[in-house]
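Enquirer: Pasting a structure below so you can have a look.
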Amino acid sequence: MRIRECIKDLIPYSPGKLKKGAIKLASNENPLGIAPKALNAISNGANQSSLYPDGACVELKSALASKYNLSSDNFVIGNGSDEVLVLITGAYIEPGDNAITSSLTFSEYAFATRLFGGEMRFAKTENGRFQLDTIASMIDNRTKIIFLCNPNNPTGTYFTDSELNEFVNKIPRDILLVIDEAYREYMTAADVPESLKLINTRGNVIILRTFSKIYGLAGLRIGYGIADKSLISDLNKTRAPFNVNSLAQLAAVAALEDNDFLKKSFLVNEEGKRYLYAAFERLNLEYYPTQANFIYVKVNQDCTNVFERLMSMGVTVRPMKSFGVNDCIRVTIGTADQNIFFIDCLEKIVNEKDGLENSSKVKILNS
Ligand SMILES: *Cc1c(COP(=O)(O)O)cnc(C)c1O
């Protein structure tokens, strides 16, 4: 068989590492686990698994419509928001088209674009932040989609409401603006974009959200897009008939109502953030302040080594080498105990290295 030209060089996604018995702080999952209401819903619903799911996700869309004060036809539900990305590129990318994103962001934008023969162009990330002006300046007549990630994975940085509005006003109306807000529920800044306001005024904007992060449903695979009705109807043409399984739908509807769990998840994240910031400062490690449930931190040595040492001690994080950065890791904010354990391990690694440097200095001085 001959593989299509545009995908022959794609590299399969390398997921966050799982190690038996290790604490996983590698994939930004909710450290509190699944929302209890969702667990209850799937336990009760499991016996219906011989039936096909509702291909139109009627209940979930109606729950989302009332949550956001929009209509059910403003939503498309995917097998994770990863799938929604592929629905989007499947609808709008022809071979030879291009899309633009940032050089240090979620890798699935490039994957989804290339899958349909599109070219991904990267605007250089500065200080971990999307450079919206640079992105605007890179648009040409084959640009179909711009992917923004807010807050950005892996850096945790964000752009503001006024920055987004200024950008949206510059973008031609025939270019789709994808705003991936997978971590929106964790954001705390006062000037966070009110991106939902764009749905009724801009037919070329789609916002992506997911149940994989704060709702604790990553293993069930369910996420969604919010957009103008005509855009949603385009996406439905590229969607498989039963793309979202029935347990995921039940869990998502229940999780939306689990306010106690959401509140607790948010607070645990805030507390963990403060603890980790203080620890990084004590260890003299630079980090970006985060708007999400993970922190990007500079470990001042080869990140693959740090990753492997941490894994041998029982905690997995995400080394940034696959993003082209050699001395940084991304760590998911865990429970208080997990954060303490992670810092204890990291401190040992940092001290080992300082010890090595000092002893080699001594050697050089003596020689
Ligand atoms: C985790 C994540 C998602 C969510 O993906 P799902 O397919 O919904 O699990 C989407 N975008 C970004 C930037 C993420 O980090």
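The values are calculated or read from the model by the stated rules, or taken from the named source; none is laboratory data. Bear in mind the structure is a predicted one, so any value in this text is a computation, not a measurement. Backbone-built Cβ (ideal geometry, glycine too); neighbour counts: all protein chains shown. Heavy atoms of the whole protein, side chains included, go into the accessibility calculation; ligands, DNA and RNA do not. Shrake-Rupley method; radii C 1.70, N 1.55, O 1.52, S 1.80 Å.
Enquirer: All but one of (1) farther than 21 Å from T101 by Cβ; (2) assigned to a loop (DSSP other than H, G, I, E, B); (3) open to solvent by 10 Å² or more (accessible area, probe 1.4 Å); (4) within 14 Å of the ligand (Cβ to nearest atom) hold for K213; state the number of the condition that does not hold.
Expert: Unmet for K213, out of (1) farther than 21 Å from T101 by Cβ; (2) assigned to a loop (DSSP other than H, G, I, E, B); (3) open to solvent by 10 Å² or more (accessible area, probe 1.4 Å); (4) within 14 Å of the ligand (Cβ to nearest atom): (1).
Enquirer: Could I ask something else about it? Does V76 meet the test of being under 17 Å from I7 (Cα atoms), within 16 Å of the ligand (Cβ to nearest atom) and either of a type outside the set (A, V, I, L, M) or modelled with pLDDT of 95 or more (or both)?
Expert: Values: under 17 Å from I7 (Cα atoms): no; within 16 Å of the ligand (Cβ to nearest atom): yes; either of a type outside the set (A, V, I, L, M) or modelled with pLDDT of 95 or more (or both): yes.
It is false that V76 is under 17 Å from I7 (Cα atoms), within 16 Å of the ligand (Cβ to nearest atom) and either of a type outside the set (A, V, I, L, M) or modelled with pLDDT of 95 or more (or both).
Enquirer: Right, something else. Looking only at the stretch 311-357, which residues are open to solvent by 40 Å² or more (accessible area, probe 1.4 Å), modelled with pLDDT of 95 or more, in a loop (DSSP other than H, G, I, E, B) and more than 21 Å from R282 (Cα to Cα)?
Expert: Of everything in the stretch 311-357, just one residue is open to solvent by 40 Å² or more (accessible area, probe 1.4 Å), modelled with pLDDT of 95 or more, in a loop (DSSP other than H, G, I, E, B) and more than 21 Å from R282 (Cα to Cα), namely N326.
Enquirer: Taking T157, is it farther than 16 Å from V205 by Cα, out of contact with any Leu (no Cβ under 9 Å at 6 or more places or on another chain) and open to solvent by less than 50 Å² (accessible area, probe 1.4 Å)?
Expert: Working: farther than 16 Å from V205 by Cα: yes; out of contact with any Leu (no Cβ under 9 Å at 6 or more places or on another chain): yes; open to solvent by less than 50 Å² (accessible area, probe 1.4 Å): yes.
Against the criterion (farther than 16 Å from V205 by Cα, out of contact with any Leu (no Cβ under 9 Å at 6 or more places or on another chain) and open to solvent by less than 50 Å² (accessible area, probe 1.4 Å)), T157 qualifies.
Enquirer: Tell me which residues, restricted to the stretch 165-193, are of a type in the set (A, V, I, L, M), part of a helix (DSSP H, G or I) and either within 16 Å of the ligand (Cβ to nearest atom) or modelled with pLDDT under 95 (or both). Even if it seems obvious, please write down each step before you answer.
Expert: First, pick out the residues of the stretch 165-193 that are of a type in the set (A, V, I, L, M): 168, 171, 175-179, 182, 187, 189-190, 192.
Pick out the ones that are also part of a helix (DSSP H, G or I) and you get 168.
Within the stretch 165-193, none qualify.
Enquirer: Quick check on my filter: what residues within the stretch 61-84 are aliphatic (A, V, I, L, M), in contact with a Phe, Trp or Tyr (Cβ under 8 Å, 6 or more places away or on another chain) and either surrounded by fewer than 22 Cβ atoms within 10 Å (Cβ to Cβ) or assigned to a helix (DSSP H, G or I) (or both)?
Expert: So in the stretch 61-84, the residues aliphatic (A, V, I, L, M) come out as 63-65, 70, 76-77, 84.
Applying the additional criterion that residues be in contact with a Phe, Trp or Tyr (Cβ under 8 Å, 6 or more places away or on another chain) yields 64-65, 76-77, 84.
Scanning the stretch 61-84 gives L64, A65, V84.
Enquirer: Just one of (1) without any contact (Cβ under 8 Å) to a residue 12 or more places away in the chain; (2) among the charged types (D, E, K, R); (3) outside any helix (DSSP H, G or I) trips up K197, so point out which.
Expert: Every listed condition holds for K197 apart from (3).
Enquirer: Take the residues of the stretch 134-160 that are more than 27 Å from D234 (Cβ to Cβ) and touching a residue at least 12 places away in the same chain (Cβ under 8 Å): which is farthest from the ligand (Cβ to nearest atom)?
Expert: Here is the first cut: in the stretch 134-160, the ones more than 27 Å from D234 (Cβ to Cβ) are 134, 137, 151, 154-158, 160.
Applying the additional criterion that residues be touching a residue at least 12 places away in the same chain (Cβ under 8 Å) yields 151, 154-158, 160.
On the way: P151: 9, P154: 8, T155: 11, G156: 11, T157: 13, Y158: 12, T160: 18 Å.
Checked the stretch 134-160; the qualifying residue farthest from the ligand (Cβ to nearest atom) is T160.
Enquirer: Go through the stretch 178-220 and give me each residue that's of a type in the set (A, V, I, L, M), in contact with a strand residue (DSSP E or B) (Cβ under 6 Å, 6 or more places away or on another chain) and over 24 Å from L60 (Cβ atoms).
Expert: none
Enquirer: Tell me, yes or no, whether the stretch 54-64 has at least one residue that is over 26 Å from F261 (Cα atoms), more than 16 Å from the ligand (Cβ to nearest atom), modelled with pLDDT of 95 or more and touching a strand residue (DSSP E or B) at 6+ places or on another chain (Cβ under 6 Å). Full working, then the answer.
Expert: If we filter the stretch 54-64 for residues that are over 26 Å from F261 (Cα atoms), which is where we start, we get 54-56.
Next cut, more than 16 Å from the ligand (Cβ to nearest atom) only: 54-56.
Okay, now just the ones that are also modelled with pLDDT of 95 or more, so 54-56.
Of the ones still in play, those that are also touching a strand residue (DSSP E or B) at 6+ places or on another chain (Cβ under 6 Å) are none.
There is no residue in the stretch 54-64 that is over 26 Å from F261 (Cα atoms), more than 16 Å from the ligand (Cβ to nearest atom), modelled with pLDDT of 95 or more and touching a strand residue (DSSP E or B) at 6+ places or on another chain (Cβ under 6 Å).
Enquirer: If a residue must be open to solvent by 10 Å² or more (accessible area, probe 1.4 Å), touching a helix residue (DSSP H, G or I) at 6+ places or on another chain (Cβ under 6 Å), under 18 Å from D234 (Cα atoms) and within 16 Å of the ligand (Cβ to nearest atom), how many such residues does the stretch 85-114 contain?
Expert: Adding up the residues that qualify gives 1.
Enquirer: Of the conditions (1) closer than 17 Å to S14 by Cα; (2) of a type outside the set (A, V, I, L, M, F, W, C); (3) at pLDDT below 95, E308 satisfies every one except a single condition; which number is it?
Expert: Going through (1) closer than 17 Å to S14 by Cα; (2) of a type outside the set (A, V, I, L, M, F, W, C); (3) at pLDDT below 95 one by one, E308 breaks only (3).
Enquirer: If we scan the stretch 267-288, do we find a residue that is open to solvent by less than 60 Å² (accessible area, probe 1.4 Å), outside any strand (DSSP E or B) and either in contact with a His (Cβ under 9 Å, 6 or more places away or on another chain) or within 27 Å of A41 (Cα to Cα) (or both)?
Expert: Here is the first cut: in the stretch 267-288, the residues open to solvent by less than 60 Å² (accessible area, probe 1.4 Å) are 268-270, 272-273, 276-280, 283, 285, 287.
Filter once more, keeping what is outside any strand (DSSP E or B): 268-270, 272-273, 276-280, 283, 285.
From what's left, either in contact with a His (Cβ under 9 Å, 6 or more places away or on another chain) or within 27 Å of A41 (Cα to Cα) (or both): 268-269.
Yes: one or more hits.
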